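The next block holds one structure in the form of structure tokens; read it before the comments.
The values are calculated or read from the model by the stated rules, or taken from the named source; none is laboratory data. Model, not experiment: these values are computed from the prediction. We place every Cβ from the backbone using ideal geometry, glycine too, and count neighbours over all the protein chains shown.
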């Protein structure tokens with residue numbers, strides 16, 4: 001039976017009980033005092049715990065960065081109102097760094113934070129390209145880093161020795177594989193077109209979708225794969241080309257401003273009159289519907305990695321209701337995927353601190369904190385959230401758009417859920433090897 005730790009919770013995080021999946025962390029890493037170069041701290045420090053948030057404040061992805069900033073503000077205020085972490089140490093968000101500056105600048109910022117001891121934790125990152133640059137740098141600086149949003153599967157597969165990095169969101173496998181499984185279950189599907197951004201995130205989704213469909217439905221023909229440049233303003237050529245193909249299913253991992261721009265133009269041009277079903281797997285949902293004024297056809301499925309829709313299982317999950325309502329009260333809109341990923345990151349920080357202090361009685365060293373954010377599960381607004389070997393897993397969740405008259409908000413319904421075990425690679429198995437073996 002898993003070990004259960006302290007579950008006393010605050011308003012927005014109450015009920016998020018913790019179960020350790022393994023006693024390995026408790027028996028070894030948390031008791032060895034951390035790395036030899038780390039200074040141990042007795043008891044709970046009096047000074048605030050310093051957190052630096054790295055997210056988009058400018059550019060097309062700032063829409064999602066705003067959600068992350070809002071959620072972090074809301075949750076930190078909630079924790080500090082009760083005395084802080086463990087009820088004793090407040091969190092101070094000392095700096096927000098704009099990802100829009102680019103990877104080279106972010107690497108320099110990360111080096112500065114580590115070398116000048118300006119923060120206790122680096123937190124966030126939306127862009128997968130930025131993550132692949134920042135994470136190894138944070139590890140080199142022995143700067144604890146909780147990566148909350150960027151989903152490239154390459155993070156730990158290319159950097160398996162990192163000791164100061166934990167990711168509290170699932171990889172893009174959860175979105176791509178689950179979307180392919182949803183399509184594989186559809187009847188009367190013979191043709192598919194994919195459209196994904198022309199960089200690693202888009203390429204990875206395209207390759208995973210194609211591999212899974214080839215294994216599950218070899219009768220389906222991928223008639224075209226389109227890869228527009230990121231952040232373009234005119235998708236008319238792509239919309240026209242897809243209309244000419246008239247596929248049974250259109251699949252896309254476009255996200256951020258790109259998916260909003262594409263959908264605006266696609267709806268205006270009547271694209272979905274010529275497509276059987278659209279499957280948008282780029283972590284889409286209520287915020288996209290709001291940005292489009294709800295003008296999304298019913299033959300579109302929206303979703304991605306995780307149950308990050310404000311009405312997903314809300315009746316049975318008080319954490320979902322409380323977080324969505326608190327966010328709505330504070331910011332006048334329901335939370336989107338950036339906010340939900342941030343919730344998970346903040347809760348993981350709490351879990352890490354609690355697990356170490358429960359065992360050692362002292363505040364965690366940097367490596368102990370990250371070690372404790374592994375092999376653990378806790379309740380979240382989207383359901384039970386599991387992190388194994390520093391990497392979270394998630395289900396794939398997709399729904400159809402409707403307008404909620406009661407909430408005056410756009411939401412999804414008729415949810416389809418693909419279990420985490422069916423869309424995340426087994427521990428230790430490279431992602432592309434995993435997708436190429438899926439045949440059932």
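Would you mind telling me which numbered condition in (1) in contact with a helix residue (DSSP H, G or I) (Cβ under 8 Å, 6 or more places away or on another chain); (2) surrounded by fewer than 20 Cβ atoms within 10 Å (Cβ to Cβ); (3) modelled with pLDDT under 95 residue 36 fails?
Every listed condition holds for residue 36 apart from (1).
Under the condition of being touching a residue at least 12 places away in the same chain (Cβ under 8 Å) and out of contact with any helix residue (DSSP H, G or I) (no Cβ under 9 Å at 6 or more places or on another chain), which residue from the range 162-201 is surrounded by the most Cβ atoms within 10 Å (Cβ to Cβ)? Explain how you work it out, then say what you get.
So the first thing to find is which residues in the range 162-201 are touching a residue at least 12 places away in the same chain (Cβ under 8 Å), and the list is 162-184, 186, 188-201.
This time we only want the ones that are out of contact with any helix residue (DSSP H, G or I) (no Cβ under 9 Å at 6 or more places or on another chain), so: 182, 186, 188, 190, 198.
Values: 182: 22, 186: 15, 188: 6, 190: 13, 198: 14.
Per the stated criteria, the residue is 182.
Looking at (1) at pLDDT 95 or above; (2) outside any helix (DSSP H, G or I); (3) closer than 24 Å to residue 173 by Cβ, find the lone condition where residue 230 falls short.
Evaluating residue 230 over (1) at pLDDT 95 or above; (2) outside any helix (DSSP H, G or I); (3) closer than 24 Å to residue 173 by Cβ leaves (1) as the failure.
Out of 352, 336, 345, which single residue is under 30 Å from residue 273 (Cα atoms), surrounded by 19 or more Cβ atoms within 10 Å (Cβ to Cβ) and touching a residue at least 12 places away in the same chain (Cβ under 8 Å)? I'd like the intermediate steps shown before the answer.
Details: 352 fails: under 30 Å from residue 273 (Cα atoms); 345 fails: under 30 Å from residue 273 (Cα atoms).
Checking each option against the conditions leaves just 336.
Yes or no: the range 70-90 includes at least one residue that is touching a residue at least 40 places away in the same chain (Cβ under 8 Å) and assigned to a strand (DSSP E or B).
yes
Mind checking which strands (runs of 3 or more DSSP E) fall wholly inside the range 106-195 and carry at least 1 residues that are touching a strand residue (DSSP E or B) at 6+ places or on another chain (Cβ under 8 Å) and not assigned by TED's automatic domain parsing to the domain that holds residue 426?
Details: elements: 121-124, 145-147, 165-167, 191-195.
Once the strands (runs of 3 or more DSSP E) in the range 106-195 are filtered for at least 1 residues that are touching a strand residue (DSSP E or B) at 6+ places or on another chain (Cβ under 8 Å) and not assigned by TED's automatic domain parsing to the domain that holds residue 426, what remains is 121-124, 145-147, 165-167.
Checking the conditions here, which among 257, 215, 246 is modelled with pLDDT under 95 and either more than 29 Å from residue 433 (Cβ to Cβ) or out of contact with any strand residue (DSSP E or B) (no Cβ under 9 Å at 6 or more places or on another chain) (or both)? Lay out the reasoning, then the answer.
Working: 215 fails: modelled with pLDDT under 95; 246 fails: modelled with pLDDT under 95.
Result of the check over 257, 215, 246: 257.
For the structure I just gave you, tell me whether residue 66 is in a loop (DSSP other than H, G, I, E, B), in contact (Cβ under 8 Å) with a residue 40 or more places away in the chain and out of contact with any helix residue (DSSP H, G or I) (no Cβ under 6 Å at 6 or more places or on another chain).
No.
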